[in-house]
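K.L.:
This structure is in structure tokens; I'll ask about it shortly.
Bear in mind that the values in this text are calculations on the coordinates, not laboratory data. Being a predicted model, the structure only gives us computed values, none of them experimental. Counting neighbours? That spans all protein chains shown, and the Cβs are built from the backbone with ideal geometry, glycine included.
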Amino acid sequence: MKQHRLTPLQIADFRRYLRREERAPATIEKYIQNIQEFSAFLQEEAVSKEAAARWKESLLTAGLAPATVTGKLSALNSLLRFLGRE
């Protein structure tokens, strides 16, 4: 099974994609910030469903409101769709 790591180039491409989709500038910045947080959480680990679940759990454990966690996961899901990794 091929390992998929999140790269800065993919994040930059995702930013351009969001612009082409005419997302609001504040939405784009929030999505990119959330993706960068996920990338930092991953460190060198591959993107996976399990890693996303652990990130979600860590966000909830940190005391973030469920609505905030949902927003972060929405950004991650958008990125995964963009990468063809739903």
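K.L.:
So if R0 is 25 Å, what FRET efficiency would Glu50 and Glu22 give, r being the distance between their Cβ atoms, rounded to the nearest 0.05? Working shown, then result.
P.N.:
Values: r = 33 Å, r/R0 = 1.33.
Once the sixth-power term is evaluated, E becomes 0.15.
K.L.:
Lys and Arg at +1, Asp and Glu at -1: add these up for the other residues within a Cβ distance under 15 Å of Leu18 and post the number. Please report the intermediate quantities before stating the final value.
P.N.:
Working: positive: Arg15, Arg16, Arg19, Arg20, Arg23, Lys30, Arg81; negative: Asp13, Glu21, Glu22, Glu29.
Net charge in that neighbourhood comes out at +3.
K.L.:
Find out how many positive minus negative residues lie around Phe38, taking Lys and Arg as positive, Asp and Glu as negative, among other residues whose Cβ is under 11 Å from that of Phe38.
P.N.:
Result for the neighbourhood of Phe38: +1.
K.L.:
May I pose another question? Membrane-span-like helices in the chain: DSSP H runs reaching 15 Å or more (Cα, own axis), mean Kyte hydropathy at least 0.0? Let's see the in-between values first.
P.N.:
Numbers: long enough: 8-20 (18 Å, -0.86); 25-42 (26 Å, 0.04); 49-61 (18 Å, -0.67); 66-82 (24 Å, 0.52).
Long hydrophobic helices here: 25-42, 66-82.
K.L.:
Now for a different question. From largest to smallest, what semi-axes in whole angstrom does the chain give when each is the square root of 5 times an eigenvalue of its alpha carbon gyration tensor?
P.N.:
Details: eigenvalues 76, 61, 21 Å².
They are 19, 17, 10 Å, listed from largest to smallest.
K.L.:
Gln33 label point, 7 Å along Cα→Cβ, cut-off 16 Å on backbone N: hits in the stretch 42-86?
P.N.:
Counting only backbone N, you get 64-65, 67-76.
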